[in-house]
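To start, the structure under review is shown below, and the notes come after it.
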Amino acid sequence: MAPAAAASGSGSSRARSDGSSGSSSSSASAPPPSWLPTPALDHALSGITAGAIATVCMQPLDLIKTQFQVRTARAPRSGTAAPPAWQRWTGVGVGRDMLAAWRAIVRADGWPGLYRGLGANVVGNSASWGLYFLWYTMLKEYMAHAADGADAKVLTPGQHLLAASESGAATALLTNPIWVVKTRMFTTSRSAASASSATAAPVATASGSSSAPRAPVAYRGLAHGLRDIWRHEGVRGLYKGAGLALVGVSNGAIQFVAYEELKKWRSAVARRRGATGAEGELVKLSNAEYIVLSGVAKLFAIGLTYPYQVVRSRIQNHATAHIYPDIPTCIRRTYAQEGLRAFYKGLGPNAVRIVPGTCVTFVVYENMSWALRGAAERRSSAAPPIDVAIQQ
């Protein structure tokens, strides 16, 4: 869910960006041209498009990653065989486990099973990227022009961190219900849940209370999931894991700061090699450079913040809600029963997914952003000057 700021285009030549690609680092006082009423809306539209396309491309790996995260297993008892430490920590066998999970899903639900929950996932990611870029761009523009009448200034890492954190917190709160539905759809097989639909309702006692937790329900889609959670669990059900989602804002914030600083570094290198652009301004890098920069920033951030994702997935998973009723209990029981490794379950599939996923997202986002800006520039150059239009 953590979006990443970007600034890239498809051209091989380098040009001034003037902060158009998700950055307010430009020193120019005039904002870049925008196709929509404001640059922030351009970035929001680009984020929505990038989120949708990347989600469709990465859906099967995202599904497998989520299933790995919620899978519970006790740590090996003394005297039982366990994989060598080097194999556990280097991730050897991840490919085998992913392939086995892939085959199990196809065997249970067919090939469409790999795209179960796609609707909720697309809506969640598109909304998250769109809202994130909207607020992130607006906050950076405000910070860059905070001084009355002053030209836009270069933002510091601390300002990028603040803008990313505020944007991430707002986005996390607004989209949390979508992620609850997505997690439950990813962790329930439609065929298995349909077979147990007769026992889905809890058994009521004379006092009107239920004697057993309600069995997991296979949601038909996002709307069905939201209605079902609202009806049976209320607002608390829709916002399960919201506290952890706010903790997870640190993932996006760290990624954005790392990415912005890497962009500054690469822009400085490009200027020394003859690229056009004033000191302190970002320049348009190649798609390959933005892929590398965004991938490095994302891997750095996810390595620091991954455990919270495991805890959040387990809390949001309906099947284990009675085992992990709250965050402290989930952390204690996970550590006691499965050890430290449990907090990094699914890291291999997530890393495999996140690198190509980030590449797809950034390439789509940047090309969309530059296309919108190019269209705005052409529209502006084609329009007659205001004074000429008035005289006519």
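Read-outs: derived from the displayed coordinates by stated rules, not from any lab. Given the structure is predicted, the values throughout are model-derived calculations rather than measurements. Here the Cβ positions follow ideal geometry from the backbone for every residue, glycine too, while neighbour counts run over all protein chains shown.
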message: I'd like the distance separating the alpha-carbon centroids of region 161-183 and region 348-381, in whole Å.
response: 21
- line: Ordered by fewest other Cβ atoms within 10 Å, a rough proxy for footprinting exposure, Ile302, Ile323, Ile178 read Ile323, Ile302, Ile178
field: Charge tally in the Cβ shell below 11 Å around Gly243, where Lys, Arg are +1 and Asp, Glu are -1, Gly243 excluded
entry: +1
message: List the pairs from Lys182/Lys284; Lys240/Lys263; Lys65/Lys284; Lys153/Lys284 whose alpha-carbon separation is above 24 Å, in the order I gave them.
response: Lys182/Lys284; Lys240/Lys263; Lys65/Lys284
query: Taking 0.36 nm per intervening residue step and subtracting the Cα-Cα distance, what contour gain separates Trp111 from Ala223 on full extension?
result: 38.0 nm
Protection proxy ranking, peptides 308-317, 109-118, average beta carbon neighbours within 10 Å, highest first: 308-317, 109-118
- request: Neighbouring Cβ atoms within 10 Å as the yardstick, rank Trp179, Trp102 fewest first.
  value: Trp102, Trp179
- prompt: How do His43, His145 rank when sorted from fewest to most other Cβ atoms within 10 Å of their own Cβ?
  reply: His145, His43
- request: Read phi for every residue in region 223-232 and hand back ³J(HN,Hα) as whole Hz from Karplus 6.51 cos²θ - 1.76 cosθ + 1.60, θ = phi - 60°, with x for Gly and Pro.
  value: 4, 4, x, 4, 5, 5, 5, 4, 5, 9
query: Efficiency by 1/(1 + (r/R0)^6): what FRET value for Tyr142 and Ala104, r their Cβ-Cβ distance, R0 = 45 Å, to the nearest 0.05?
result: 0.35
